[in-house]
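The values are calculated or read from the model by the stated rules, or taken from the named source; none is laboratory data. All values derive from a computational prediction rather than experimental measurement. Here the Cβ is made from the backbone with ideal geometry for all residues, glycine too, and neighbour counts use every protein chain on show. Surface areas here come from the heavy atoms of the whole protein model, side chains and all, with no ligands, DNA or RNA. Shrake-Rupley method; radii C 1.70, N 1.55, O 1.52, S 1.80 Å.
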Amino acid sequence: MAAEIPFNRNFEVNYGAIESVAPGIRRITANNPSPFTFRGTGTYILGEGNVAVIDPGPDQPEHVKAIVEGLKNETVSHILITHTHNDHSPAAKALKEITGAPTYGFGPHGSGKPALKLTAQAGGDMDFRPDEKTQDGSVIYGNDWRISCLHTPGHTSNHICFSWDEEKVLFPGDQVMGWSTSIVSPPDGDMGDYMRSLDELLVRDDKIYYPTHGPEILQPQKLISAFQDHRREREEKILACLKLGNDTIDQMVQTVYEDVSESLHAAAARSLFATVIYLVEQKKVEAIEGLDIDGRYVIR
């Protein structure tokens, strides 16, 4: 029986407008909709008067202008980055130049896996360098809020979730979204890390999530459990493919992602490869020719 994920894709957007979503939390959505960003990047504004901007978004002058004009009577004191994909962090540079606010993040793209010495990756913002590096357990203080940082690698190695502990609110970036599963693309994306991060989020008592794409998540633990079941189901499908002799990623993606549009199969193949790597780590699968997306695999 297929895992049932309680997706919520009911999300209307008024691009360029700052909208209140909860006391002390506002959102402005960038006009960059796509199969990977849903309606666009949701930039969050935390606090009032002196505010933090979470995930300023893509390099779109009109989005930065909308943020600045919407906050013209307030002071941006912090710029928080969940991770360095091109739809999340590039606008931080322009926003910092205008406001003077320092940027906060785990580190440059790939910094969660320093041994990789990652110098480029499709979709990665390779230019971002935070003014203040945040680690797991770091605390960031504003005038009327306090944010705890959770290092949640998986979607990217430098992914951070921001927790407004007093309100039991979590800003999970792309690690958990309500409209879709997350892409996990090696080498920086790591399925083992992703699953372990979900385990850590599951035991928390957060009441509501505000992901960077799509609407708020009102039952985060229920959604996380469904995601875990879904990923385990993908693992079983991969093992079933291997038993039938379908031993390459290209062969397996047609079956494992039969529920996904073929236009997205290239991206799906990256996540499938991440799952295969995870199965190799668990010693359930063996790589015949080394860990490579074009390699061949067998059950151990």
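Each residue of segment 270-277 was assigned a 3J(HN,Hα) from its phi angle through the Karplus expression (A = 6.51, B = -1.76, C = 1.60, θ = phi - 60°), giving 5, 5, 5, 4, 4, 5, 4, 4 Hz with x at Gly and Pro.
Per the helix-only calculation at 222 nm, which mean residue ellipticity applies to the chain, given -39500 (n - 2.57) for every DSSP H run of n ≥ 4 and division by its residues, nearest 500 deg cm²/dmol?
Numbers: 6 runs with 80 residues, N = 300.
Mean residue ellipticity at 222 nm (helix-derived): -8500 deg cm²/dmol.
Applying the Karplus relation 6.51 cos²θ - 1.76 cosθ + 1.60 with θ = phi - 60° to segment 120-125 yields 3J(HN,Hα) values of 7, 7, 4, x, x, 8 Hz, where x marks Gly and Pro. Relative to the longest principal axis of the Cα atoms of the chain, helix 61-70 runs at roughly 40 degrees. Taking amide H as placed 1.01 Å from N in the peptide plane, the amide H of GLY40 sits under 5 Å from that of SER34, GLY214, each at least 5 places away or on another chain. Okay, which of segment 196-219 sit inside 19 Å, backbone N to the point 7 Å along the Cα-Cβ direction of TYR15? Residues passing the 19 Å test: 212-215. Is segment 115-229 best put as rounded, prolate or oblate by its Cα gyration tensor, with a ≥ b ≥ c the root eigenvalues, rounded for a/c under 1.5, and otherwise prolate when a/b is larger than b/c, oblate when not? Here segment 115-229 falls in the oblate category.
Rolling a 1.4 angstrom probe over the protein heavy atoms with all chains in place gives segment 1-141 an accessible area of 50 Å² per residue.
Across segment 106-119, rounded Karplus estimates of 3J(HN,Hα) from the backbone phi angles (6.51 cos²θ - 1.76 cosθ + 1.60, θ = phi - 60°) give 5, x, x, 4, x, 5, x, 10, x, 5, 5, 6, 5, 10 Hz, Gly and Pro being marked x. Between the amide H of TRP179 and those of ASN8, distances stay under 5 Å, these residues lying 5 or more places away or on another chain, with hydrogens modeled in the peptide plane.
A cut-off under 12 angstrom between Cβ atoms defines the neighbours of ALA30, and their net charge, with Lys, Arg +1 and Asp, Glu -1, is -1.
Got a number for carbon plus sulfur as a percent of segment 211-264's accessible area, 1.4 Å probe? The partial results should precede the final answer.
Values: 1200 of 2610 Å².
Heavy-atom surface of segment 211-264 belonging to carbon and sulfur, 1.4 Å probe: 46 percent.
How would you rank 47-56, 90-99, highest first, on the average number of other Cβ atoms within 10 Å across their residues?
Working: 47-56: 22.2, 90-99: 19.4.
Listed from highest to lowest mean packing, they are 47-56, 90-99.
Note on Kirkwood radius over Cα pairs in Å: of the candidates [x] 19.7; [y] 21.6; [z] 18.3, the value calculated from this structure sits at [x]. Between LYS283 and ARG296, the simple spin-label model (points 7 angstrom out along Cα→Cβ) gives 2.5 nm. Axis of helix 191-202 versus longest Cα principal axis of the chain: the two differ by about 50°, to the nearest ten degrees.
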